[in-house]
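One structure is given below, encoded as structure tokens.
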Amino acid sequence: MPTCHHCGSEYEASELTRHVVEDWLIVHCPDCHAPMGRYQSSQPAVDTLRQSE
Ligand SMILES: [Zn+2]
């Protein structure tokens, strides 16, 4: 369960505020709006792994 480093609250992943900016999925605390992580949403992870051989 993700914990906000700013206000110390714990949330379910589904409770977090999400924004999509270009290729990034950015996740915010729903209470204090501190950023809690970002993920590059457009890259399929499985294909990237196979290409590295
Ligand atoms: Zn917070």
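Worth a mention:
- For HIS19: the one exception among (1) at pLDDT 90 or above; (2) assigned to a loop (DSSP other than H, G, I, E, B); (3) out of contact with any Ser or Thr (no Cβ under 7 Å at 6 or more places or on another chain): (2)
- Filter result for SER41 (surrounded by 10 or more Cβ atoms within 10 Å (Cβ to Cβ), more than 10 Å from the ligand (Cβ to nearest atom) and modelled with pLDDT under 90): yes
- In the range 20-38, the residues that are more than 12 Å from the ligand (Cβ to nearest atom) and either aliphatic (A, V, I, L, M) or over 9 Å from the mean Cα position of the chain (by Cα) (or both): VAL20, VAL21, GLU22, ASP23, LEU25, ILE26
- Members of the range 10-19 that are in contact (Cβ under 8 Å) with a residue 12 or more places away in the chain and either under 12 Å from the mean Cα position of the chain (by Cα) or exposed (fewer than 14 other Cβ atoms within 10 Å of the Cβ) (or both): ALA13, GLU15, LEU16, THR17
The values are calculated or read from the model by the stated rules, or taken from the named source; none is laboratory data. Only a predicted model underlies this, so the values are computations on that prediction, with no experimental measurement involved. Heads up, the Cβs are rebuilt from the backbone with ideal geometry, glycines too, and the neighbour counts pull from every protein chain shown.
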